[in-house]
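Some notes on the structure that comes next.
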Amino acid sequence: MEEVRPVRDEERRAALMKLLDDVTAVASASEELEPAARTTLEAVCELTGWPLGHMCVPADIGDDFVSSGIWVGAIDRFPVLREVTARTRFPPGIGTVGKIIVTGEPVWSADMIRDPLVLRTRQEKDLGVRAVFAFPVVAADGVAAVMEFFSDHVVPRDEALLKVMASLGHQLGRVIDRRKTHHLLESSRNRLEQIIETSMEGFVSMDAAGRVTGWNGAAERMFGYSRQEALGRRLHELIVPPRYRAADQAGRERFLATGRSDVLGRRLELSAIRADGTEFPVELVVWATREHDQWTFNAFIHDITDRRRAEQALREAYEAEQRTVARLRELDQAKSEFVATVSHELRTPLTSIAGYLEIFADDAEPVSERQERMLQSMVRNAARLQHLVEDLLAVNTIDAGRLDVDAAPVPVRRVLREAIRAAGGEAQDSGHTFRVHVDPGVDAVTADLDLLVRAVAALLSNAVKFSPTGTPVAVRVSACGDAHGGTGGTGGTVSIAVTDAGPGIAPDELPHVFERFYRTRYAVERAIQGIGLGLSLARTIAQAHGGTLTAASAPGEGSTFTLTLPAAADQDAGQAGGRPPPGPLTRSPG
(Lines give C-alpha, C1' and ligand atoms only; values in the text may rest on other atoms or scores of the structure.)
Protein backbone atom coordinates (compact mmCIF):
# COMPACT_ATOMS: atom_id res chain seq x y z
CA MET A 1 0.00 0.00 0.00
CA GLU A 2 2.83 2.43 0.74
CA GLU A 3 4.13 1.93 -2.81
CA VAL A 4 0.67 2.56 -4.40
CA ARG A 5 -0.40 5.73 -2.43
CA PRO A 6 2.02 8.17 -4.14
CA VAL A 7 0.66 7.03 -7.48
CA ARG A 8 -2.89 7.79 -6.32
CA ASP A 9 -1.84 11.26 -5.04
CA GLU A 10 -0.10 11.94 -8.31
CA GLU A 11 -3.18 10.93 -10.26
CA ARG A 12 -5.38 13.07 -8.07
CA ARG A 13 -3.14 16.11 -8.46
CA ALA A 14 -3.22 15.60 -12.22
CA ALA A 15 -7.00 15.36 -12.10
CA LEU A 16 -7.23 18.58 -10.11
CA MET A 17 -4.95 20.39 -12.52
CA LYS A 18 -7.02 19.13 -15.44
CA LEU A 19 -10.14 20.38 -13.67
CA LEU A 20 -8.52 23.78 -13.25
CA ASP A 21 -7.51 23.85 -16.90
CA ASP A 22 -10.97 22.80 -18.06
CA VAL A 23 -12.75 25.41 -15.94
CA THR A 24 -10.28 28.07 -17.05
CA ALA A 25 -11.01 27.25 -20.67
CA VAL A 26 -14.75 27.39 -20.02
CA ALA A 27 -14.43 30.69 -18.15
CA SER A 28 -12.39 32.21 -20.97
CA ALA A 29 -14.97 31.25 -23.57
CA SER A 30 -18.13 32.05 -21.62
CA GLU A 31 -19.99 35.35 -21.70
CA GLU A 32 -22.52 34.35 -19.01
CA LEU A 33 -21.95 32.96 -15.52
CA GLU A 34 -24.75 30.35 -15.52
CA PRO A 35 -23.40 27.96 -18.19
CA ALA A 36 -19.86 28.26 -16.85
CA ALA A 37 -21.16 27.61 -13.31
CA ARG A 38 -23.08 24.46 -14.39
CA THR A 39 -20.03 23.10 -16.16
CA THR A 40 -17.89 23.77 -13.09
CA LEU A 41 -20.41 22.17 -10.69
CA GLU A 42 -20.64 19.07 -12.87
CA ALA A 43 -16.85 18.75 -13.21
CA VAL A 44 -16.24 19.10 -9.49
CA CYS A 45 -18.94 16.59 -8.61
CA GLU A 46 -17.50 14.12 -11.11
CA LEU A 47 -13.94 14.57 -9.86
CA THR A 48 -14.68 14.48 -6.13
CA GLY A 49 -17.53 12.03 -6.13
CA TRP A 50 -19.67 14.42 -4.09
CA PRO A 51 -23.28 13.87 -5.19
CA LEU A 52 -24.67 17.40 -5.16
CA GLY A 53 -23.58 20.89 -6.22
CA HIS A 54 -25.37 24.24 -5.85
CA MET A 55 -24.75 27.96 -6.38
CA CYS A 56 -25.87 30.98 -4.29
CA VAL A 57 -26.03 34.49 -5.72
CA PRO A 58 -26.72 37.99 -4.34
CA ALA A 59 -30.36 38.80 -3.62
CA ASP A 60 -32.08 41.45 -5.73
CA ILE A 61 -32.39 43.73 -2.69
CA GLY A 62 -29.92 44.06 0.18
CA ASP A 63 -26.59 42.39 0.90
CA ASP A 64 -27.90 38.86 1.54
CA PHE A 65 -27.31 35.88 -0.76
CA VAL A 66 -30.04 33.45 -1.90
CA SER A 67 -30.28 30.25 -3.92
CA SER A 68 -29.77 30.71 -7.65
CA GLY A 69 -31.93 27.64 -8.35
CA ILE A 70 -29.00 25.95 -10.07
CA TRP A 71 -28.46 22.40 -8.71
CA VAL A 72 -26.27 19.71 -10.23
CA GLY A 73 -26.34 16.04 -9.22
CA ALA A 74 -28.81 13.82 -7.37
CA ILE A 75 -31.07 16.61 -6.14
CA ASP A 76 -34.06 14.24 -5.89
CA ARG A 77 -32.29 12.42 -3.04
CA PHE A 78 -32.20 15.61 -0.94
CA PRO A 79 -35.65 17.30 -1.08
CA VAL A 80 -35.42 18.77 2.43
CA LEU A 81 -32.06 20.46 1.68
CA ARG A 82 -33.47 21.94 -1.53
CA GLU A 83 -36.62 23.22 0.19
CA VAL A 84 -34.73 24.78 3.13
CA THR A 85 -32.12 26.36 0.83
CA ALA A 86 -34.81 27.87 -1.41
CA ARG A 87 -36.39 29.79 1.50
CA THR A 88 -33.19 30.77 3.31
CA ARG A 89 -31.45 34.15 3.04
CA PHE A 90 -27.75 34.12 3.86
CA PRO A 91 -26.67 37.39 5.55
CA PRO A 92 -23.01 38.41 5.43
CA GLY A 93 -21.04 36.85 8.28
CA ILE A 94 -23.68 34.24 9.24
CA GLY A 95 -23.43 30.59 8.20
CA THR A 96 -21.03 29.05 5.73
CA VAL A 97 -22.23 31.21 2.85
CA GLY A 98 -22.24 34.35 5.01
CA LYS A 99 -18.67 33.68 6.17
CA ILE A 100 -17.49 33.30 2.56
CA ILE A 101 -19.24 36.56 1.60
CA VAL A 102 -17.23 38.41 4.28
CA THR A 103 -13.85 36.67 4.05
CA GLY A 104 -13.72 35.65 0.38
CA GLU A 105 -12.13 32.33 1.48
CA PRO A 106 -13.34 28.70 0.99
CA VAL A 107 -15.11 26.91 3.88
CA TRP A 108 -15.15 23.13 4.70
CA SER A 109 -17.52 21.54 7.19
CA ALA A 110 -16.70 17.85 7.67
CA ASP A 111 -19.89 17.22 9.69
CA MET A 112 -22.75 19.73 9.27
CA ILE A 113 -24.78 18.25 12.12
CA ARG A 114 -22.09 19.09 14.69
CA ASP A 115 -20.95 22.38 13.02
CA PRO A 116 -22.74 25.43 14.52
CA LEU A 117 -21.60 27.49 11.53
CA VAL A 118 -24.08 25.78 9.21
CA LEU A 119 -27.15 27.99 9.14
CA ARG A 120 -29.57 25.52 7.52
CA THR A 121 -29.18 22.86 10.23
CA ARG A 122 -30.68 25.33 12.67
CA GLN A 123 -33.90 25.27 10.66
CA GLU A 124 -34.07 21.52 9.92
CA LYS A 125 -32.16 18.88 11.88
CA ASP A 126 -32.13 16.23 9.16
CA LEU A 127 -31.17 17.73 5.79
CA GLY A 128 -30.06 14.37 4.44
CA VAL A 129 -26.46 15.53 4.12
CA ARG A 130 -23.44 15.51 6.46
CA ALA A 131 -20.47 17.31 4.83
CA VAL A 132 -20.28 20.54 2.82
CA PHE A 133 -17.49 22.55 1.25
CA ALA A 134 -17.94 25.88 -0.57
CA PHE A 135 -15.80 28.43 -2.34
CA PRO A 136 -16.41 31.99 -3.58
CA VAL A 137 -16.61 33.22 -7.16
CA VAL A 138 -14.50 36.35 -6.79
CA ALA A 139 -14.99 39.24 -9.24
CA ALA A 140 -13.27 42.63 -9.32
CA ASP A 141 -15.75 44.18 -6.88
CA GLY A 142 -15.93 41.26 -4.41
CA VAL A 143 -17.72 37.94 -3.98
CA ALA A 144 -20.20 37.52 -6.82
CA ALA A 145 -21.42 33.97 -6.09
CA VAL A 146 -20.81 30.99 -3.80
CA MET A 147 -20.54 27.40 -5.05
CA GLU A 148 -21.24 24.68 -2.50
CA PHE A 149 -21.04 20.86 -2.62
CA PHE A 150 -22.77 18.35 -0.34
CA SER A 151 -22.08 14.74 0.70
CA ASP A 152 -24.29 12.31 2.64
CA HIS A 153 -21.42 11.16 4.82
CA VAL A 154 -18.64 12.78 6.86
CA VAL A 155 -15.66 13.87 4.73
CA PRO A 156 -12.38 15.16 6.20
CA ARG A 157 -11.03 18.53 5.07
CA ASP A 158 -9.05 18.40 1.80
CA GLU A 159 -6.63 21.33 1.60
CA ALA A 160 -5.47 20.53 -1.93
CA LEU A 161 -9.04 20.51 -3.19
CA LEU A 162 -9.86 23.80 -1.45
CA LYS A 163 -6.77 25.41 -2.95
CA VAL A 164 -7.83 24.41 -6.46
CA MET A 165 -11.40 25.55 -5.76
CA ALA A 166 -10.12 28.97 -4.73
CA SER A 167 -8.36 29.26 -8.08
CA LEU A 168 -11.51 28.12 -9.85
CA GLY A 169 -13.45 30.87 -8.09
CA HIS A 170 -11.13 33.55 -9.42
CA GLN A 171 -11.32 32.07 -12.95
CA LEU A 172 -15.12 32.14 -12.85
CA GLY A 173 -14.97 35.70 -11.53
CA ARG A 174 -13.41 36.71 -14.85
CA VAL A 175 -16.66 35.73 -16.56
CA ILE A 176 -18.57 38.17 -14.38
CA ASP A 177 -15.98 40.92 -14.86
CA ARG A 178 -16.02 40.38 -18.59
CA ARG A 179 -19.81 40.46 -18.64
CA LYS A 180 -19.89 43.67 -16.59
CA THR A 181 -17.29 45.27 -18.82
CA HIS A 182 -19.23 44.22 -21.89
CA HIS A 183 -22.42 45.58 -20.36
CA LEU A 184 -20.74 48.89 -19.52
CA LEU A 185 -19.34 49.14 -23.03
CA GLU A 186 -22.74 48.36 -24.51
CA SER A 187 -24.39 50.94 -22.25
CA SER A 188 -21.79 53.54 -23.14
CA ARG A 189 -22.12 52.75 -26.82
CA ASN A 190 -25.90 52.94 -26.66
CA ARG A 191 -25.77 56.17 -24.70
CA LEU A 192 -23.30 57.67 -27.17
CA GLU A 193 -25.43 56.55 -30.11
CA GLN A 194 -28.50 58.08 -28.48
CA ILE A 195 -26.67 61.36 -27.85
CA ILE A 196 -25.42 61.46 -31.42
CA GLU A 197 -28.80 60.54 -32.85
CA THR A 198 -30.65 63.21 -30.85
CA SER A 199 -27.98 65.87 -31.34
CA MET A 200 -29.03 69.09 -33.02
CA GLU A 201 -25.80 68.97 -35.00
CA GLY A 202 -25.24 66.64 -37.90
CA PHE A 203 -22.91 63.72 -37.24
CA VAL A 204 -21.23 61.82 -40.06
CA SER A 205 -18.43 59.28 -40.11
CA MET A 206 -16.55 57.54 -42.89
CA ASP A 207 -13.94 54.84 -43.25
CA ALA A 208 -10.46 55.22 -44.69
CA ALA A 209 -11.87 54.83 -48.21
CA GLY A 210 -14.19 57.78 -47.65
CA ARG A 211 -17.40 55.74 -47.47
CA VAL A 212 -20.12 56.81 -45.04
CA THR A 213 -20.40 54.62 -41.94
CA GLY A 214 -22.40 56.94 -39.67
CA TRP A 215 -25.26 59.36 -40.43
CA ASN A 216 -27.57 60.73 -37.73
CA GLY A 217 -31.03 62.27 -37.93
CA ALA A 218 -29.72 65.84 -37.97
CA ALA A 219 -27.54 64.95 -40.99
CA GLU A 220 -30.63 63.57 -42.72
CA ARG A 221 -32.49 66.84 -42.18
CA MET A 222 -29.47 68.99 -43.03
CA PHE A 223 -28.41 67.34 -46.30
CA GLY A 224 -31.63 65.74 -47.52
CA TYR A 225 -30.35 62.13 -47.66
CA SER A 226 -31.84 59.36 -45.52
CA ARG A 227 -29.50 57.13 -43.54
CA GLN A 228 -30.12 54.27 -45.96
CA GLU A 229 -29.25 56.51 -48.91
CA ALA A 230 -26.06 57.81 -47.31
CA LEU A 231 -24.49 54.67 -45.81
CA GLY A 232 -21.84 53.15 -48.04
CA ARG A 233 -21.56 56.12 -50.40
CA ARG A 234 -18.49 58.32 -50.67
CA LEU A 235 -18.92 61.25 -48.33
CA HIS A 236 -17.31 63.88 -50.52
CA GLU A 237 -19.73 63.00 -53.33
CA LEU A 238 -22.67 63.63 -50.99
CA ILE A 239 -21.89 66.87 -49.15
CA VAL A 240 -18.71 68.44 -50.60
CA PRO A 241 -19.21 70.93 -53.47
CA PRO A 242 -17.58 69.65 -56.70
CA ARG A 243 -14.86 72.31 -56.72
CA TYR A 244 -13.53 71.12 -53.34
CA ARG A 245 -13.76 67.32 -53.80
CA ALA A 246 -10.25 66.77 -55.16
CA ALA A 247 -8.67 68.71 -52.31
CA ASP A 248 -10.78 66.81 -49.75
CA GLN A 249 -9.73 63.44 -51.10
CA ALA A 250 -6.07 64.50 -51.36
CA GLY A 251 -6.07 65.67 -47.73
CA ARG A 252 -7.46 62.34 -46.50
CA GLU A 253 -4.92 60.35 -48.50
CA ARG A 254 -2.07 62.52 -47.21
CA PHE A 255 -3.13 61.85 -43.63
CA LEU A 256 -3.34 58.10 -44.19
CA ALA A 257 0.15 58.14 -45.72
CA THR A 258 1.92 60.54 -43.34
CA GLY A 259 -0.27 60.93 -40.25
CA ARG A 260 -0.26 64.72 -40.73
CA SER A 261 -3.31 66.91 -41.32
CA ASP A 262 -4.06 70.63 -41.42
CA VAL A 263 -7.77 70.25 -40.64
CA LEU A 264 -8.21 67.54 -37.99
CA GLY A 265 -9.27 68.91 -34.64
CA ARG A 266 -9.81 72.45 -35.92
CA ARG A 267 -13.11 74.31 -36.11
CA LEU A 268 -13.64 75.14 -39.76
CA GLU A 269 -16.21 77.15 -41.72
CA LEU A 270 -16.80 75.68 -45.17
CA SER A 271 -19.45 75.34 -47.85
CA ALA A 272 -21.55 72.17 -48.09
CA ILE A 273 -24.09 70.97 -50.63
CA ARG A 274 -27.56 69.48 -50.16
CA ALA A 275 -29.24 66.72 -52.11
CA ASP A 276 -31.04 69.34 -54.20
CA GLY A 277 -27.72 70.93 -55.20
CA THR A 278 -28.00 74.08 -53.07
CA GLU A 279 -24.92 75.23 -51.19
CA PHE A 280 -24.96 76.52 -47.62
CA PRO A 281 -22.35 77.46 -45.00
CA VAL A 282 -21.43 74.98 -42.27
CA GLU A 283 -19.12 74.86 -39.28
CA LEU A 284 -17.52 71.50 -38.58
CA VAL A 285 -14.90 69.73 -36.49
CA VAL A 286 -13.30 66.54 -37.86
CA TRP A 287 -11.34 64.01 -35.83
CA ALA A 288 -9.91 60.57 -36.57
CA THR A 289 -9.98 57.35 -34.52
CA ARG A 290 -8.16 54.08 -35.11
CA GLU A 291 -9.51 50.63 -34.22
CA HIS A 292 -7.92 47.35 -35.28
CA ASP A 293 -5.56 49.20 -37.64
CA GLN A 294 -8.50 50.82 -39.40
CA TRP A 295 -9.00 54.59 -39.50
CA THR A 296 -12.41 56.19 -39.07
CA PHE A 297 -13.05 59.89 -39.66
CA ASN A 298 -15.84 61.57 -37.69
CA ALA A 299 -17.34 65.04 -37.88
CA PHE A 300 -19.95 67.16 -36.16
CA ILE A 301 -21.49 69.60 -38.62
CA HIS A 302 -23.49 72.71 -37.78
CA ASP A 303 -25.56 74.67 -40.29
CA ILE A 304 -24.57 78.32 -39.79
CA THR A 305 -26.90 79.83 -42.38
CA ASP A 306 -28.88 81.69 -39.72
CA ARG A 307 -25.68 82.88 -38.05
CA ARG A 308 -24.33 84.20 -41.34
CA ARG A 309 -27.61 86.02 -41.94
CA ALA A 310 -27.48 87.47 -38.44
CA GLU A 311 -23.88 88.55 -38.95
CA GLN A 312 -24.83 90.20 -42.25
CA ALA A 313 -27.76 91.92 -40.58
CA LEU A 314 -25.45 93.13 -37.80
CA ARG A 315 -22.96 94.45 -40.34
CA GLU A 316 -25.70 96.26 -42.20
CA ALA A 317 -27.11 97.63 -38.94
CA TYR A 318 -23.63 98.76 -37.88
CA GLU A 319 -23.05 100.47 -41.22
CA ALA A 320 -26.46 102.14 -40.95
CA GLU A 321 -25.63 103.20 -37.41
CA GLN A 322 -22.32 104.63 -38.56
CA ARG A 323 -24.11 106.59 -41.26
CA THR A 324 -26.59 107.82 -38.66
CA VAL A 325 -23.78 108.78 -36.30
CA ALA A 326 -22.03 110.66 -39.08
CA ARG A 327 -25.26 112.43 -39.94
CA LEU A 328 -25.89 113.26 -36.28
CA ARG A 329 -22.38 114.65 -36.02
CA GLU A 330 -23.04 116.79 -39.05
CA LEU A 331 -26.30 117.97 -37.50
CA ASP A 332 -24.60 118.56 -34.16
CA GLN A 333 -21.88 120.56 -35.88
CA ALA A 334 -24.51 122.54 -37.77
CA LYS A 335 -26.38 123.11 -34.51
CA SER A 336 -23.24 124.31 -32.79
CA GLU A 337 -22.40 126.61 -35.65
CA PHE A 338 -25.97 127.91 -35.70
CA VAL A 339 -26.01 128.52 -31.94
CA ALA A 340 -22.64 130.22 -32.10
CA THR A 341 -23.68 132.40 -35.03
CA VAL A 342 -27.05 133.36 -33.58
CA SER A 343 -25.60 133.95 -30.12
CA HIS A 344 -22.89 136.21 -31.48
CA GLU A 345 -25.42 138.03 -33.62
CA LEU A 346 -27.69 138.51 -30.60
CA ARG A 347 -24.88 139.54 -28.27
CA THR A 348 -24.03 142.80 -30.10
CA PRO A 349 -27.55 144.31 -30.29
CA LEU A 350 -28.36 143.09 -26.77
CA THR A 351 -25.24 144.77 -25.43
CA SER A 352 -26.30 148.01 -27.08
CA ILE A 353 -29.88 147.72 -25.84
CA ALA A 354 -28.75 146.93 -22.30
CA GLY A 355 -26.29 149.81 -22.34
CA TYR A 356 -28.84 152.35 -23.54
CA LEU A 357 -31.37 151.05 -21.04
CA GLU A 358 -28.87 151.55 -18.20
CA ILE A 359 -28.19 155.11 -19.41
CA PHE A 360 -31.88 155.78 -19.70
CA ALA A 361 -32.52 154.32 -16.24
CA ASP A 362 -29.78 156.48 -14.72
CA ASP A 363 -31.15 159.64 -16.40
CA ALA A 364 -32.17 162.13 -13.74
CA GLU A 365 -35.20 163.28 -15.75
CA PRO A 366 -38.23 162.15 -13.77
CA VAL A 367 -40.63 159.59 -15.26
CA SER A 368 -43.97 158.33 -14.16
CA GLU A 369 -44.29 155.32 -11.88
CA ARG A 370 -45.72 153.27 -14.72
CA GLN A 371 -42.84 154.20 -17.01
CA GLU A 372 -40.38 153.35 -14.26
CA ARG A 373 -41.88 149.83 -13.95
CA MET A 374 -41.74 149.38 -17.70
CA LEU A 375 -38.14 150.57 -17.80
CA GLN A 376 -37.05 148.24 -15.00
CA SER A 377 -38.82 145.32 -16.71
CA MET A 378 -36.92 146.05 -19.92
CA VAL A 379 -33.63 146.21 -18.02
CA ARG A 380 -34.30 142.90 -16.30
CA ASN A 381 -35.35 141.10 -19.45
CA ALA A 382 -32.42 142.48 -21.41
CA ALA A 383 -30.12 141.17 -18.67
CA ARG A 384 -31.91 137.82 -18.76
CA LEU A 385 -31.42 137.58 -22.50
CA GLN A 386 -27.77 138.46 -22.09
CA HIS A 387 -27.35 135.67 -19.51
CA LEU A 388 -29.11 133.21 -21.81
CA VAL A 389 -26.87 134.15 -24.74
CA GLU A 390 -23.78 133.81 -22.57
CA ASP A 391 -24.92 130.38 -21.32
CA LEU A 392 -25.52 129.17 -24.88
CA LEU A 393 -22.09 130.39 -25.93
CA ALA A 394 -20.54 128.68 -22.91
CA VAL A 395 -22.28 125.39 -23.76
CA ASN A 396 -21.07 125.67 -27.33
CA THR A 397 -17.53 126.32 -26.11
CA ILE A 398 -17.64 123.29 -23.78
CA ASP A 399 -19.02 121.02 -26.52
CA ALA A 400 -16.21 122.09 -28.80
CA GLY A 401 -13.66 121.31 -26.08
CA ARG A 402 -12.42 124.88 -25.97
CA LEU A 403 -13.05 125.71 -22.32
CA ASP A 404 -9.79 127.42 -21.36
CA VAL A 405 -9.10 127.79 -17.62
CA ASP A 406 -6.69 130.60 -16.74
CA ALA A 407 -6.18 129.62 -13.11
CA ALA A 408 -4.56 131.99 -10.62
CA PRO A 409 -4.99 132.88 -6.95
CA VAL A 410 -8.35 134.66 -6.67
CA PRO A 411 -9.70 136.29 -3.48
CA VAL A 412 -12.87 134.51 -2.39
CA ARG A 413 -14.53 137.77 -1.30
CA ARG A 414 -14.01 139.29 -4.73
CA VAL A 415 -15.65 136.23 -6.33
CA LEU A 416 -18.64 136.55 -4.01
CA ARG A 417 -18.95 140.27 -4.59
CA GLU A 418 -19.02 139.95 -8.37
CA ALA A 419 -21.32 136.90 -8.29
CA ILE A 420 -23.79 138.76 -6.06
CA ARG A 421 -23.68 141.72 -8.40
CA ALA A 422 -24.40 139.40 -11.37
CA ALA A 423 -27.41 137.85 -9.61
CA GLY A 424 -28.43 141.10 -7.94
CA GLY A 425 -31.07 142.23 -10.43
CA GLU A 426 -32.99 138.96 -10.17
CA ALA A 427 -32.74 138.97 -6.37
CA GLN A 428 -33.84 142.60 -6.07
CA ASP A 429 -37.06 141.96 -8.01
CA SER A 430 -38.09 139.18 -5.62
CA GLY A 431 -36.92 140.85 -2.41
CA HIS A 432 -34.18 138.33 -1.62
CA THR A 433 -31.02 139.09 0.32
CA PHE A 434 -27.73 137.20 0.54
CA ARG A 435 -26.38 136.30 3.96
CA VAL A 436 -22.69 135.57 3.53
CA HIS A 437 -20.36 134.06 6.12
CA VAL A 438 -16.67 133.49 5.40
CA ASP A 439 -14.77 131.40 7.94
CA PRO A 440 -11.61 132.96 9.40
CA GLY A 441 -8.45 132.06 7.52
CA VAL A 442 -10.19 131.57 4.17
CA ASP A 443 -8.67 133.93 1.65
CA ALA A 444 -8.12 132.78 -1.91
CA VAL A 445 -8.72 129.88 -4.29
CA THR A 446 -6.90 128.80 -7.42
CA ALA A 447 -9.36 129.52 -10.22
CA ASP A 448 -10.26 131.43 -13.35
CA LEU A 449 -12.02 134.51 -12.00
CA ASP A 450 -14.58 134.94 -14.78
CA LEU A 451 -15.52 131.25 -14.88
CA LEU A 452 -15.76 130.98 -11.09
CA VAL A 453 -17.94 134.10 -10.89
CA ARG A 454 -20.23 132.55 -13.53
CA ALA A 455 -20.47 129.29 -11.55
CA VAL A 456 -21.24 130.96 -8.20
CA ALA A 457 -23.69 133.38 -9.86
CA ALA A 458 -25.51 130.37 -11.35
CA LEU A 459 -25.86 128.87 -7.85
CA LEU A 460 -27.14 132.18 -6.44
CA SER A 461 -29.59 132.60 -9.32
CA ASN A 462 -30.88 129.05 -8.81
CA ALA A 463 -31.39 129.71 -5.08
CA VAL A 464 -33.27 132.96 -5.79
CA LYS A 465 -35.60 131.26 -8.29
CA PHE A 466 -36.69 128.54 -5.88
CA SER A 467 -36.80 130.49 -2.58
CA PRO A 468 -40.03 132.13 -1.41
CA THR A 469 -40.20 135.90 -1.99
CA GLY A 470 -38.35 137.91 0.63
CA THR A 471 -36.43 134.98 2.14
CA PRO A 472 -32.62 135.18 2.46
CA VAL A 473 -30.14 133.00 0.57
CA ALA A 474 -27.32 131.73 2.79
CA VAL A 475 -23.75 131.59 1.46
CA ARG A 476 -21.06 130.00 3.59
CA VAL A 477 -17.39 129.76 2.70
CA SER A 478 -15.24 127.34 4.67
CA ALA A 479 -11.86 125.66 4.40
CA CYS A 480 -11.12 121.95 4.44
CA GLY A 481 -7.86 120.78 5.97
CA ASP A 482 -4.97 119.50 3.81
CA ALA A 483 -2.97 116.39 4.34
CA HIS A 484 -1.08 118.09 7.23
CA GLY A 485 -4.18 119.23 9.06
CA GLY A 486 -3.96 122.90 8.10
CA THR A 487 -6.68 125.06 6.63
CA GLY A 488 -4.76 126.44 3.71
CA GLY A 489 -1.73 125.88 1.60
CA THR A 490 -1.03 123.24 -1.00
CA GLY A 491 -3.46 120.33 -0.81
CA GLY A 492 -6.28 122.21 0.99
CA THR A 493 -9.68 123.06 -0.46
CA VAL A 494 -12.25 125.80 -0.09
CA SER A 495 -15.97 125.13 -0.28
CA ILE A 496 -18.69 127.64 -1.18
CA ALA A 497 -22.11 126.41 -0.03
CA VAL A 498 -25.30 128.13 -1.23
CA THR A 499 -28.47 127.24 0.69
CA ASP A 500 -31.99 128.25 -0.29
CA ALA A 501 -35.31 128.09 1.55
CA GLY A 502 -37.13 126.48 -1.37
CA PRO A 503 -39.32 123.39 -1.60
CA GLY A 504 -36.41 120.99 -1.87
CA ILE A 505 -35.76 118.35 -4.50
CA ALA A 506 -37.32 114.91 -4.61
CA PRO A 507 -34.86 112.00 -4.13
CA ASP A 508 -35.58 110.59 -7.60
CA GLU A 509 -34.81 113.96 -9.21
CA LEU A 510 -31.70 114.86 -7.22
CA PRO A 511 -29.28 112.75 -9.34
CA HIS A 512 -30.44 114.58 -12.49
CA VAL A 513 -30.22 118.24 -11.43
CA PHE A 514 -26.80 118.70 -13.06
CA GLU A 515 -27.91 117.27 -16.40
CA ARG A 516 -28.09 119.76 -19.25
CA PHE A 517 -31.59 121.18 -19.87
CA TYR A 518 -33.04 119.19 -16.94
CA ARG A 519 -35.86 120.89 -15.04
CA THR A 520 -37.58 119.53 -11.96
CA ARG A 521 -41.29 118.86 -11.83
CA TYR A 522 -41.68 121.79 -9.44
CA ALA A 523 -40.02 124.17 -11.92
CA VAL A 524 -42.17 122.95 -14.79
CA GLU A 525 -45.45 123.05 -12.86
CA ARG A 526 -44.84 126.62 -11.60
CA ALA A 527 -43.32 127.89 -14.85
CA ILE A 528 -40.11 129.05 -13.12
CA GLN A 529 -37.86 130.81 -15.60
CA GLY A 530 -34.79 129.02 -16.91
CA ILE A 531 -33.80 126.39 -19.46
CA GLY A 532 -31.76 124.10 -17.19
CA LEU A 533 -28.24 125.18 -18.12
CA GLY A 534 -26.98 127.04 -15.04
CA LEU A 535 -26.25 124.07 -12.74
CA SER A 536 -24.80 122.02 -15.61
CA LEU A 537 -22.41 124.85 -16.50
CA ALA A 538 -21.47 125.34 -12.84
CA ARG A 539 -20.52 121.67 -12.42
CA THR A 540 -18.53 121.69 -15.69
CA ILE A 541 -16.62 124.76 -14.50
CA ALA A 542 -15.96 123.12 -11.09
CA GLN A 543 -14.64 119.94 -12.73
CA ALA A 544 -12.47 121.97 -15.14
CA HIS A 545 -10.78 123.44 -12.03
CA GLY A 546 -10.23 120.02 -10.47
CA GLY A 547 -13.08 120.64 -8.04
CA THR A 548 -16.58 119.31 -7.42
CA LEU A 549 -20.15 120.52 -7.21
CA THR A 550 -22.60 118.52 -5.12
CA ALA A 551 -26.24 118.86 -4.14
CA ALA A 552 -28.01 117.92 -0.90
CA SER A 553 -31.74 118.32 -0.45
CA ALA A 554 -34.88 116.95 1.10
CA PRO A 555 -38.47 117.82 0.14
CA GLY A 556 -39.72 120.77 2.18
CA GLU A 557 -36.31 121.57 3.68
CA GLY A 558 -34.57 123.55 0.94
CA SER A 559 -31.42 122.66 -0.96
CA THR A 560 -27.68 123.20 -0.55
CA PHE A 561 -25.25 123.27 -3.45
CA THR A 562 -21.59 123.05 -2.46
CA LEU A 563 -18.79 124.11 -4.80
CA THR A 564 -15.35 122.86 -3.72
CA LEU A 565 -12.12 124.14 -5.27
CA PRO A 566 -8.39 123.93 -4.49
CA ALA A 567 -7.18 126.62 -2.09
CA ALA A 568 -4.50 128.98 -3.35
CA ALA A 569 -0.98 127.79 -2.60
CA ASP A 570 -0.26 131.06 -0.80
CA GLN A 571 -3.23 132.56 1.01
CA ASP A 572 -1.41 135.90 1.14
CA ALA A 573 -1.89 136.06 -2.62
CA GLY A 574 -5.31 137.46 -1.87
CA GLN A 575 -3.69 140.75 -0.94
CA ALA A 576 -2.43 141.10 -4.50
CA GLY A 577 -5.94 140.59 -5.83
CA GLY A 578 -7.28 143.62 -4.06
CA ARG A 579 -8.78 142.10 -0.95
CA PRO A 580 -11.16 144.54 0.74
CA PRO A 581 -10.87 145.22 4.44
CA PRO A 582 -12.35 142.53 6.70
CA GLY A 583 -16.03 142.94 7.28
CA PRO A 584 -19.41 141.29 6.81
CA LEU A 585 -20.64 140.62 3.30
CA THR A 586 -24.28 140.29 4.32
CA ARG A 587 -26.11 142.62 2.01
CA SER A 588 -29.15 143.16 -0.11
CA PRO A 589 -28.44 143.39 -3.85
CA GLY A 590 -28.72 146.64 -5.75
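The values are calculated or read from the model by the stated rules, or taken from the named source; none is laboratory data. In this text, all values refer to a predicted model and were calculated from it rather than measured experimentally. Neighbour counts run over all protein chains shown; Cβ positions are idealised from the backbone, glycine included. To get the accessible areas, we keep the full protein, side chains included, count just its heavy atoms, and leave off ligands, DNA and RNA. Shrake-Rupley method; radii C 1.70, N 1.55, O 1.52, S 1.80 Å.
Charging the Cβ of each Asp and Glu at -1 and of each Lys and Arg at +1, and nothing else, the dipole of the stretch 122-238 about its Cα centre rounds to 120 debye.
Applied to the stretch 433-444, the Karplus parametrisation 6.51 cos²θ - 1.76 cosθ + 1.60 on θ = phi - 60° returns per-residue 3J(HN,Hα) values of 10, 10, 9, 10, 10, 10, 5, x, x, 8, 10, 9 Hz, with x for Gly and Pro.
What accessible area, in Å² to the nearest ten, does a 1.4 Å probe give for His512? My reading of the accessible area for His512 is about 70 Å². Couplings for the stretch 298-312, taken from phi via the Karplus curve 6.51 cos²θ - 1.76 cosθ + 1.60 with θ = phi - 60°, read 10, 8, 9, 10, 10, 6, 10, 4, 5, 5, 4, 5, 5, 5, 5 Hz in order; Gly and Pro are left as x.
Taking amide H positions as modeled 1.01 Å from N, with prolines and chain starts lacking one, the residues under 5 Å from Val438 and 5 or more places away or on another chain are Val477. The protection proxy used here, the mean number of other Cβ atoms lying within 10 Å of each residue, ranks peptides 206-213, 37-44 as follows, highest first: 37-44, 206-213. Here the Karplus curve 6.51 cos²θ - 1.76 cosθ + 1.60, taken at θ = phi - 60°, turns the phi angles of the stretch 463-478 into couplings of 5, 5, 4, 9, 8, x, 3, x, 8, x, 10, 8, 10, 10, 10, 9 Hz, with x standing for Gly and Pro.
Loop-located chymotrypsin sites (Phe, Trp or Tyr not before Pro) across the stretch 505-558 with a Cβ neighbour count of 10 or fewer within 10 Å are Phe517, with loop assigned by DSSP. Computed over the stretch 76-232, the Cα gyration tensor eigenvalues convert (square root of 5λ each) into semi-axes of 55, 17, 13 Å, ordered from largest to smallest.
Descending by average beta-carbon neighbour count within 10 Å, the peptides 85-98, 240-253, 304-317, 548-561 line up as 85-98, 548-561, 240-253, 304-317, the highest first.
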